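Below is one structure, written out as structure tokens; comments come after it.
The values are calculated or read from the model by the stated rules, or taken from the named source; none is laboratory data. Please read these numbers as outputs of a predicted model, since none were measured by experiment. Heads up, the Cβs are rebuilt from the backbone with ideal geometry, glycines too, and the neighbour counts pull from every protein chain shown.
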Amino acid sequence: MSESPAIRIRFSGLGEFDAALGDSILDVALRNGVALDHACGGVCACSTCHVRVLAGAEALSAATEAEEDQLDRARDVGLDSRLGCQAKLVRVPRDGVLAVRIPVWNVNLVREAH
């Protein structure tokens, strides 16, 4: 039985954490105490888990039309923008690391507990 390759997600300024194929960026954030807002509970119904993918985007699932529609409502969107709840690891990133940055703002005025 072969061992799964090591995958890490690096959250700029917040740390680097183990991840596995099938994990979303939000999954890894929540598992490791990284504050990534997710007002809709991670069901692609808001844009509060918007992140910028700095490296390793080729390892993520393709954005769906629903995700792109939600990103249209986010601030400071770029070609590297993804929703943390929808961006799932489908292959090992080059060098084994996916690097992301969480914007400091939030579209929602109220942070909900989840």
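Before moving on, here are some points about what is shown:
- Residue ID - nearest to Ile102 (Cα to Cα), chosen from residues in the range 49-59 that are under 11 Å from the mean Cα position of the chain (by Cα) and surrounded by 20 or more Cβ atoms within 10 Å (Cβ to Cβ): Val51
- Residue satisfying all of: in the range 20-57; of a type outside the set (Val, Ile, Thr) and in a strand (DSSP E or B); farthest from Arg94 (Cα to Cα) among these: His50
- Residue in the range 26-40 that is farther than 17 Å from Ser12 by Cβ, loosely packed, with under 13 Cβ neighbours inside 10 Å and touching a helix residue (DSSP H, G or I) at 6+ places or on another chain (Cβ under 9 Å) present: no
- Scanning the range 58-89 for residues that are in a loop (DSSP other than H, G, I, E, B), in contact with a strand residue (DSSP E or B) (Cβ under 9 Å, 6 or more places away or on another chain) and of a type in the set (S, T, N, Q) turns up Ser61, Gln86.
- Condition broken by Phe17, with the remaining ones in (1) assigned to a loop (DSSP other than H, G, I, E, B); (2) closer than 20 Å to Pro5 by Cα satisfied: (1)
- Condition broken by Arg101, with the remaining ones in (1) under 10 Å from the mean Cα position of the chain (by Cα); (2) without any contact (Cβ under 8 Å) to a residue 12 or more places away in the chain satisfied: (2)
- Residue, surrounded by the most Cβ atoms within 10 Å (Cβ to Cβ), within the range 61-88, restricted to residues that are touching a residue at least 12 places away in the same chain (Cβ under 8 Å) and over 21 Å from Cys40 (Cα atoms): Asp80
- For the range 95-104, the tally of residues that are farther than 15 Å from Ser12 by Cβ and either at pLDDT below 90 or surrounded by 13 or more Cβ atoms within 10 Å (Cβ to Cβ) (or both) stands at 1.
- If you go through the range 1-57 and keep only what is in contact with a Pro (Cβ under 8 Å, 6 or more places away or on another chain) and over 22 Å from Arg73 (Cα atoms), you end up with Ile7, Ala55, Gly56.
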